[in-house]
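Have a look at the structure below, then the notes.
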Amino acid sequence: MSKRVHLIDFLRYINLFGAKNCVKVLILLLSLQNILYWINMDYKKLLFALSFFMVSALFVSAQEVIVGAARVDQYVDQLKGKKIGLFSNHTGMVGERHTLDIMLENGLDVEVIYSPEHGFRGTADAGEHVNSSVDSKTGIRIESLYGSNKKKALSQAEISKIDIIVTDIQDVGLRFYTYYCTMVDLMNAAVENGKEFMVLDRPNPNGMYVDGPILDMKYKSGVGKLPIPVVHGLTLGELALMVNGEGWLDNGAKVPLQVIPCENYTHQTRYVLPVAPSPNLRTMKSIYLYPSICYFEGTSVSLGRGTDAPFEIYGHPNMKGCDFTFTPRSVDGAKNPPLLNKKCYGRDLRTLDDEEIIAQGLNLEYLIDAYKCMGVSVDAFFDNGYKYKGAKEFFEKLIGDESIRGMIAKGMSADEIKATWADDVEAFKAQRKPYLLYEE
């Protein structure tokens, strides 16, 4: 076979993947020696090598997602002349600049910043009360929507001062992650007061799949607001569309809504978050494990808060027989972690492969393993020691189903338990389909 034929087939092959990825491949190969090598290469080896480079190109593409906030030409003109309430925090970044600064540079009138759990700078502990304040850089007031200030901040008197609420915040795609709950509160406040709503969309790092039971609404709480699975697979923009379309706002109302979508994103994109979304989700591995590890919050077992690997390890002083040990300490982002200063025995999940974690989806094997190692009653295991009302049901609020605790007590496997919500997952995937903005 001639060198000319090799080269023609090479060009046809990479053309199947689109012009953008072709450019990336050519960049990878752009040296005279490499080009000469490829032209002389055996045809089958050529195809194999091309497959490898195309995977590399697609990975590079995943890093080049353009978030909604970066698409200034899509929203600045629409926001000019309007008084804006911006719901964001430290994750609202476009490169080295915050969306707030981009808005101000473009002459937009940001009247107030709304901050979620962990505060505007993202440093507060989980569940910690966050006071309202003023942004030191711009002088714009910050209204905390996490804690007792929320009612005042969302009152008619306060909402009347703005024309539109804009959301730009990095979510992680879990029903018990509270940022979307705050967004829904803001959507309700907007529709009740005749205001518009806009979402500058960002990727969902757990958007590759849907898994977990749909929330039984009798367990509706601050860690679960909507009848959706634990892993819903939606971006905040898509979720806002679904909330509106399914009539999930108060009294089935619909808010005037616009979503500025991301570019170069699909639900299979492995999007690496440029900023940690909260103090204890510091790595992509912790974000991938989060759908399976967070349930330890509703038990007596530590999930690593107060260590250098929160949501990547778990353990308890009574989990003997485990070689791995850790001791939770008081640190920034976990000032009073469970089992503070107590030596815990448990498991280290940091060696797991990310793709394996993603493929397993919501995996209750870790929870079941800890329960078996503890050798205590199911009630003793699901006792997180908190003294507030409803603490005994905190696991149910997280998992969203009252039957799971009993299944674990009966000795059912993780796969057997997962099978019980399989039909709900398929039904939800069909229900959400009209609201998808990105290829599955």
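The values are calculated or read from the model by the stated rules, or taken from the named source; none is laboratory data. Keep in mind the model is a prediction, meaning the values are calculated, not measured. Counting neighbours? That spans all protein chains shown, and the Cβs are built from the backbone with ideal geometry, glycine included.
So the values come out like this:
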| item | result |
| --- | --- |
| Matching residues, the stretch 71-106, being hydrophobic (A, V, I, L, M, F, W, C) and surrounded by fewer than 19 Cβ atoms within 10 Å (Cβ to Cβ) | VAL72, VAL76, LEU104 |
| Filter result for ASN193 (over 14 Å from SER115 (Cβ atoms) and of a type in the set (S, T, N, Q)) | yes |
| Filter pass, THR327 being more than 24 Å from ASN206 (Cα to Cα) and either surrounded by fewer than 16 Cβ atoms within 10 Å (Cβ to Cβ) or out of contact with any Gly (no Cβ under 9 Å at 6 or more places or on another chain) (or both) | yes |
| Residues being of a type in the set (Ser, Thr, Tyr) and under 25 Å from the mean Cα position of the chain (by Cα) - total across the stretch 134-147 | 2 |
| Single match in GLU263, GLU246 (criterion: over 17 Å from GLY68 (Cβ atoms) and at pLDDT 95 or above) | GLU246 |
| Residue in the stretch 299-326 that is nearest to the chain's Cα centre (by Cα), counting only those that are among the β-branched types (Val, Ile, Thr) and within 13 Å of ASP348 (Cα to Cα) | ILE313 |
| Condition met for PRO310 (touching a residue at least 12 places away in the same chain (Cβ under 8 Å), of a type outside the set (Lys, Arg) and not assigned by TED's automatic domain parsing to the domain that holds ARG350) | no |
| Flag if GLU402 is surrounded by 21 or more Cβ atoms within 10 Å (Cβ to Cβ), of a type in the set (D, E, K, R) and touching a Phe, Trp or Tyr at 6+ places or on another chain (Cβ under 8 Å) | no |
| Answer residue from the stretch 147-201, given it is aromatic (Phe, Trp, Tyr) and out of contact with any Pro (no Cβ under 7 Å at 6 or more places or on another chain) and is surrounded by the most Cβ atoms within 10 Å (Cβ to Cβ) among those | TYR180 |
| Set THR235, THR269: member being buried (at least 21 other Cβ atoms within 10 Å of the Cβ) and outside the structural domain of LYS161 (by TED's automatic domain parsing) | THR269 |
| Test: GLY346 is farther than 22 Å from THR420 by Cα, of a type in the set (Gly, Ala, Ser) and crowded, with 17+ Cβ neighbours inside 10 Å | yes |
| Residue within the stretch 390-398 that is on the phi < 0 side of the Ramachandran plot and loosely packed, with under 12 Cβ neighbours inside 10 Å present | no |
| First in the stretch 68-79 and more than 10 Å from GLN258 (Cβ to Cβ), second anywhere and among the β-branched types (Val, Ile, Thr), Cβ under 6 Å, 6 or more apart | GLY68/ILE260; ALA69/VAL94; ALA69/THR99; ALA70/VAL94; ARG71/ILE260 |
| Candidate set from the stretch 61-70 (those that are more than 25 Å from ILE142 (Cα to Cα) and at pLDDT 95 or above); member that is surrounded by the fewest Cβ atoms within 10 Å (Cβ to Cβ) | ILE66 |
| Of all residues in the stretch 197-245 being of a type in the set (Ser, Thr, Tyr) and touching a strand residue (DSSP E or B) at 6+ places or on another chain (Cβ under 9 Å), the one that is nearest to ILE162 (Cα to Cα) | THR235 |
| Among the candidates ASP379, ASP354, residue that is surrounded by 14 or more Cβ atoms within 10 Å (Cβ to Cβ) and acidic (Asp, Glu) | ASP354 |
